[in-house]
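Engineer: Would you mind keeping the following structure in view while I ask a few things?
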Amino acid sequence: AAAAAAAAAASCAPSSTSSSPSSVDATDPGTETDTADSVAARAYICKLLSRCYLLSLVQASLHVNPSATGSVALLQPVAQRISYRSTVAPLVLAFLRRVALLLHCVGWRGASRPPPTEKGKEAAAPPCAAALLDEETLSYADEVAALERWIGLQSASQLVSQTWAQQLAGAWLQNARALSVTCPQTPLIPHLTAPQPFQLARLPTILQDRAFLNAVVLLPEPSTGKPPREPTVCLLCGTRVCAAVEVPGSTRGACTEHVESCGSGTGVFLLAKQSSVLFIRLVDQVKRAGAFWGSPYLDPHGEEDLDMKRGRELRLNRRRYRDLRKAYLSHRVHYFIQDRSQRYRVQWPTIF
């Protein structure tokens, strides 16, 4: 349906040539008025895309609430603002991005278009996450709202509040459940993923945070019933790992064992008591290498306090934590470990 809408949009896209030099194309981005045919075509495209968008909202709501039995209960996550921003909006964002890119390629100017551009210049591109989102907050609902305005769609809450939308959503849900009974291989709940960039585990602003200490440092180990000697947090998945302890039946430490199942052979850990970051890389089944990166936490003077000997309050430095994330995403962990190994020529301890 989106492809059909794009084909319709291409038919009313601005043409590059005109019948005479003095004639003015009414669909040109530089003009302020549209012909009646262009307005009707745009209205038809928006109507068709509204049905597609409603189907995307139904799929996202079914993914969030698979036990819904009616259209009201099914669309409830969309109607509630808090649940919509946190669960539904990231799931429908992929659909809106694809529609916006497709329409932009065929010459769609956007419903909320900017002031007329000069002759020969490209029309404004659809809004993107880089211009709308703060890397720290990642409010995808703002990008969804901007794309809805650019395409010319109603907001999700306005769309699902209409009677025809609720009736259509109820019919889709009924047909989907009937199809899942007659065709068991057809999944009722669609597989949807949110287009979220990779982020490291969320760390507390202050390293001496009481909740963090209770969950990581003071929480006893299930095997010994005592707090771990070297509490460690995997920054890729947020799991606590008891470092400096060999796994029973293995000659490798707990961090090395964890790297096999998390990070595809490359691990990034925070040693809570030492306030330092540990890199581990599995070279092969036997050989492994590692290095200490430093600390994302700094004291009030902007200095590291490794091993926390000075006893000052340590705060998370956002810039350092972003650099650590970029180092992992750009595959610089391997080169960092190799550089440290060649510079200091230290045998990596098997305890980690």
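The values are calculated or read from the model by the stated rules, or taken from the named source; none is laboratory data. Quick caveat: nothing in here was measured; it's all calculated off a predicted structure. When we count neighbours, we look across all protein chains shown, and the Cβ atoms used for this are built from the backbone with ideal geometry, even at glycine. For accessibility, only protein heavy atoms count, side chains too; no ligands or nucleic acids. Shrake-Rupley method; radii C 1.70, N 1.55, O 1.52, S 1.80 Å.
Engineer: Scan the stretch 304-336 for residues that are within 16 Å of residue 206 (Cβ to Cβ) and aliphatic (A, V, I, L, M) and report the count.
Structural biologist: 3
Engineer: Inside the stretch 280-303, can you point out the residues that are in contact (Cβ under 8 Å) with a residue 24 or more places away in the chain and more than 24 Å from residue 206 (Cβ to Cβ)?
Structural biologist: If the condition is that a residue be in contact (Cβ under 8 Å) with a residue 24 or more places away in the chain and more than 24 Å from residue 206 (Cβ to Cβ), then 280, 281, 282, 288, 289, 290, 291 are the ones that fit.
Engineer: Let me ask something else. What's the total number of residues in the stretch 41-76 that are under 21 Å from residue 149 (Cβ atoms) and loosely packed, with under 13 Cβ neighbours inside 10 Å?
Structural biologist: 2
Engineer: State the number of residues belonging to the stretch 225-258 that are open to solvent by 60 Å² or more (accessible area, probe 1.4 Å), modelled with pLDDT under 75 and polar (S, T, N, Q).
Structural biologist: 1
Engineer: Now, a different point. Which ones in the stretch 305-321 are at pLDDT 90 or above, of a type outside the set (Phe, Trp, Tyr) and either assigned to a helix (DSSP H, G or I) or touching a Ser or Thr at 6+ places or on another chain (Cβ under 7 Å) (or both)?
Structural biologist: 314, 315, 316, 318, 319, 320
Engineer: Quick check on the stretch 327-341: of everything there that is in a helix (DSSP H, G or I) and open to solvent by less than 60 Å² (accessible area, probe 1.4 Å), which residue is modelled with the lowest pLDDT? Quick ask: steps written out before the conclusion?
Structural biologist: Of the stretch 327-341, the ones in a helix (DSSP H, G or I) are 327-329, 333-341.
Subsequent filtering for residues that are open to solvent by less than 60 Å² (accessible area, probe 1.4 Å) retains 327-328, 333, 336-337, 341.
Details: 327: 90, 328: 91, 333: 89, 336: 88, 337: 86, 341: 73.
The extreme case among them is 341.
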